[in-house]
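One structure is given below, encoded as structure tokens.
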Amino acid sequence: MKTSKLPLLTPSAMSYPTSHNMQPVPTRSGKMGADRLISFLVSCGSSSTRIELLDFFGLQADSLSASAFNQQRAKLWPEALEAVFHLFNAALQADTGADFRFLAADGSTFTFFSRPSFASPGYFVSEGHSAKGFYSMHLNALYDLHEHTYPAALIQPVHRKDEFQAFCDMVDRLDTPPDTRDVFIGDRGYCSYNNMAHVMEKGQYFLFRTKDIHSKGLVGNFDFPDSK
């Protein structure tokens with residue numbers, strides 16, 4: 001990824017929700033409108049919210065409280081963060097000049113702590129591992145092997161995890177830069193006729209790992225020549 005472009009790219013991406021009326025109203029102190037809220041969200045580390053806010057506001061004694069931040073975050077449209085995500089990727093892909101873009105597909109499940117008012121029942125897991133249960137989601141993504149960015153991502157509740165459907169949705173939504181061909185790469189779990197059809201419908205290419213031709217897998221039904 002071209003990190004030198006990020007300082008120029010950030011202001012336009014952060015101001016997008018404000019210009020498209022996707023923002024919450026500023027706090028009474030005026031310390032966190034939509035642009036600063038999104039800037040904080042994308043720059044957070046792994047510390048607690050209180051510590052991250054202190055760091056973001058330069059250790060000021062009157063920095064925004066965690067409660068006020070949570071109220072502002074709840075007002076932000078989900079479409080605002082999605083728009084920022086696409087703006088980052090569009091700017092980074094604008095002048096790559098590559099003939100091919102190699103995109104690796106994969107998914108991963110991870111847990112998080114929440115409460116029913118913030119997360120729907122589809123994310124809740126209670127399998128005896130925890131007395132109170134926990135929440136879990138499945139993140140599907142396409143990874144650009146050259147730019148080291150994620151041009152597409154899709155989150156699913158763990159109980160409705162479907163990597164086939166997620167792959168098709170990401171392929172259908174993905175914008176391919178002009179004069180560029182996308183090559184979608186996936187492990188054996190992505191090798192299906194439907195996934196192939198979605199890629200071919202977009203006029204792009206795929207490379208899927210599959211089981212041996214002598215197995216009962218998909219390519220076991222292909223008629224290959226006996227010699228090279």
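Using a cut-off of 11 Å between beta-carbons, work out the net charge of the residues near residue 205 (Lys and Arg +1, Asp and Glu -1, residue 205 not included). Can you show the working numbers first?
Numbers: positive: 101, 181, 202; negative: 182.
Result for the neighbourhood of residue 205: +2.
Computed from label points 7 Å out along Cα-Cβ, the spacing between residue 153 and residue 86 is 1.6 nm. Each residue of the range 79-86 was assigned a 3J(HN,Hα) from its phi angle through the Karplus expression (A = 6.51, B = -1.76, C = 1.60, θ = phi - 60°), giving 5, 5, 5, 5, 5, 4, 4, 6 Hz with x at Gly and Pro. Remark on residue 185: its backbone amide H falls under 5 Å from those of 103, 104, 105, 207, a criterion applied only to residues 5 or more positions apart or on other chains, H modelled at 1.01 Å from N.
Bear in mind these aren't lab numbers, they're just calculated from the coordinates by the rules spelled out. Fair warning: this is a prediction, and the values are worked out from it, not measured in the lab. All Cβ positions, even for glycine, are placed from backbone atoms using ideal geometry, and neighbour counts span all protein chains on display.
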